[in-house]
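Working notes, structure below.
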2 protein chains.
Amino acid sequence: MKAITQKDLNDPTSLVLEDVADPVPGEGEILVKVHTAGVNRGDLLQARGHYPPPPGASEIIGMECSGTVVANDTGEGPAVGSEVGCLLAGGGYAELVAVPVGQTAPLPEGLSLAETGSIIEVACTAWSNLGMAAGLRPGTAEGKKVLVHGGSGGVGSFAVQMLHALGCEVAVTAGSAEKLEYCRELGASKLINYREQDFAEELKGWADVILDIMGAKYLKGNIRALAPDGQLVIIGMQGGTKAEINLAPLLPKRLSIHGTTLRARPVEGKAEIVADAVENVWPLIADGSITHRVHETFPLAEAAQAHAALDSGEVTGKLALRVTD
Amino acid sequence: MKAITQKDLNDPTSLVLEDVADPVPGEGEILVKVHTAGVNRGDLLQARGHYPPPPGASEIIGMECSGTVVANDTGEGPAVGSEVGCLLAGGGYAELVAVPVGQTAPLPEGLSLAETGSIIEVACTAWSNLGMAAGLRPGTAEGKKVLVHGGSGGVGSFAVQMLHALGCEVAVTAGSAEKLEYCRELGASKLINYREQDFAEELKGWADVILDIMGAKYLKGNIRALAPDGQLVIIGMQGGTKAEINLAPLLPKRLSIHGTTLRARPVEGKAEIVADAVENVWPLIADGSITHRVHETFPLAEAAQAHAALDSGEVTGKLALRVTD
């Protein structure tokens, strides 16, 4: 098959399309012919050597895709010929991928095969952190105040719509008036331009839950922005990993800080997330509460250009790679 | 009534018994004649000016007691004449205390009025953090690995027995062979002398849950000791409040850090904890799984001596003050 490989491990832009061996499905895995692969920030980190795939996973970049099942000997899950979305530990930037059967999902009603290729990673990231870890679910989320950092990004724009649909009051940070306007359209009601405003000062004690992608840089501000019983969920460390922390406010306010990544979870954990997301989030896509914005789709051979585009910070919504027709 | 007051706010040892005005029960509160008041580390902090009572609470020290109901106009809860244990925001070092009705509990089966005076604070602290926050409950706790720092102390010795009864594997830290032997008798199977061993090195990646009283000093070691999906619950900061934190291990291991105090919780939250503890923990006291060790009981007038004893670090179990007969 054809797949993207990195010629020079010291050069994250050296991504080229070449012939590699077809993947062989392992125990409990099915084989999927990839139609569209989503491009995620983790992919950029992997190309820079900072985010290796978990042991046993494909070395090929790519954490999500859509495609058609071409082999399934597991005795369960989608039949050969079915169209599916796949949450991957790796291997999406390729014509074929082997995926644990529990990490496949039906296409959300109303979404094309192309669109589905870049939705499952954000959907599972948003749902596992906000719905499952922070407990913002149908029936419990109503009226909760949630701050989403990077509200116009891939995970952010999905999370804002999902939270709005669940009845939350949503605040966002973003770096321009245009991005904030986009967040407002998605359902955010508090808009904070981080270049001009101090979010912690604006929101001190307001947030029941914060979805953070900045790590160290925002840690102090996030603690200040939390309300009593508030939960900080950190899913990215774009602002570094090492910080000073003052534990003193955590105890009387009963705050919690939770770090997660989706990729490193065991297969069973991912299957549980996919199933819970299909049950709770797919209906919000089907009824139009969550729309999926694909900012741009590149041919697979132009993976390096797609990475450069995501790295520019000028993207609202998701980027994707068209692998096969 | 007679109560302990602090003559000099700059001298934590200046605790004297004197006449003060009787408390007047507010909305939803009942009046209890105190029999025995428990002595807790928070009391020492309050005498040092570091742990003020929440707004509206009694300025008198004392976060728990047992006693007899002498007035109840709330229309619910225990009748006048009933013996109860009370979880207090303050006011325990006195002959009378006003307490929200939801913060009273029946005496655990098999415990005397005197013993009950120093059990409800540790029981509610252990249960709210381990049972409610960390989810170590009947049916889910079995086989979980839990590290209890200060395993021979008031909360620690209660927590070790409770966890052992719930089927957990329990590790403890303590500062002497005698204290560790005591922890072993309570049900701990991994014994770490913190003066001789590095608990993080001994337990790296072992603990599903850690109950911590040290704060900053142990933060790095606690993160290292946690297993994937591990939860650190910080209930004390005897090792300071400011630390360097490296967030990097939190994400791939999906760790969470949760700070709590019991005292600052709203009245409804405390009522919920007391009710859940009575349901889940009282049976473990009744069947002998948890024994309550009162290290020493002082007359109320000797509150300063009781504080000095707790401060010495030489106490295994709880200290109490006998208020009335």
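What follows draws every value from the coordinates through simple rules; no lab data is involved. These numbers were taken from a predicted model, which means no experiment stands behind them. Quick reminder, even Gly has a Cβ in these numbers, built from the backbone with ideal geometry, and neighbours come from all protein chains shown.
Quick notes on this structure:
- Given +1 at the Cβ of Lys and Arg, -1 at the Cβ of Asp and Glu and no other charges, the dipole of the range B:111-258 around its Cα centre is 440 debye to the nearest 20.
- Antiparallel content of DSSP bridges confined to chain B, in %, to 5: 55
- Only helices reaching 18 angstrom along their own axis (Cα) with mean Kyte-Doolittle hydropathy no lower than 0.0 count here, and for the DSSP H runs of chain A these are A:267-280.
- Mean separation of Cα contacts under 8 Å, 6 or more apart, over the residue count of the range A:57-116: relative contact order %: 37
- Three semi-axes of the equivalent ellipsoid, the range B:174-216, Cα gyration tensor, whole Å, largest first: 17, 13, 11
- Over chain A, Cα pairs under 8 Å with separation of 6+ residues give a relative contact order of 19 percent.
- Net charge, A:LEU300 excluded, C-beta distance under 12 Å - Lys, Arg +1, Asp, Glu -1: -2
- Sequence of B:ILE210, B:ILE245 once ranked by neighbouring C-beta atoms within 10 Å, starting from the fewest: B:ILE245, B:ILE210
- Note on the range B:239-319: dipole from Cβ charges, positive end direction compared against B:ALA309, B:THR241, B:ASN280; the farthest Cα belongs to B:THR241.
- Under a model in which nothing but the beta-carbon of Lys, Arg (+1) and Asp, Glu (-1) is charged, the protein assembly as shown shows a dipole of about 1140 debye around its Cα centre.
- For chain A: lysine pairs under 18 Å (alpha-carbon distance), excluding those fewer than 8 apart on one chain: 16
- Computed from the Kirkwood radius of its Cα pairs, the Stokes-Einstein diffusion coefficient for the range B:123-259 at 20 °C and 1.002 mPa s stands at 148 µm²/s.
- Spread of Cα-to-Cα distances over 20 Å intervals beginning at zero, given as percent, for the protein assembly as shown: 18, 44, 28, 9, 0
- Expressed in Å, the radius of gyration and Dmax of the Cα atoms of the range A:183-325 are 18.2, 57.
- Using θ = phi - 60° in the Karplus curve 6.51 cos²θ - 1.76 cosθ + 1.60, the 3J(HN,Hα) couplings for the range A:251-260 round to 6, x, 8, 6, 8, 10, 10, 10, x, 8 Hz; x is entered for Gly and Pro.
- Rg over Rh [alpha-carbon atoms, Kirkwood Rh] for chain A: 0.97
- Summary value for the range B:172-245: 27 percent relative contact order, contacts being C-alpha pairs under 8 angstrom separated by 6+ residues.
- Across the range B:50-67, coupling constants 3J(HN,Hα) worked out from phi with the 6.51/-1.76/1.60 Karplus curve, θ = phi - 60°, read 9, 9, x, x, x, x, x, 7, 4, 7, 6, 5, x, 9, 6, 6, 10, x Hz, and Gly and Pro carry x.
- When the convex hull of its Cα atoms is projected in every direction, mean area for the range B:224-292 (nm²): 7.2
- For B:ILE210, distant residues with modelled amide H under 5 Å away: B:LEU147, B:GLN231, B:LEU232, B:VAL233
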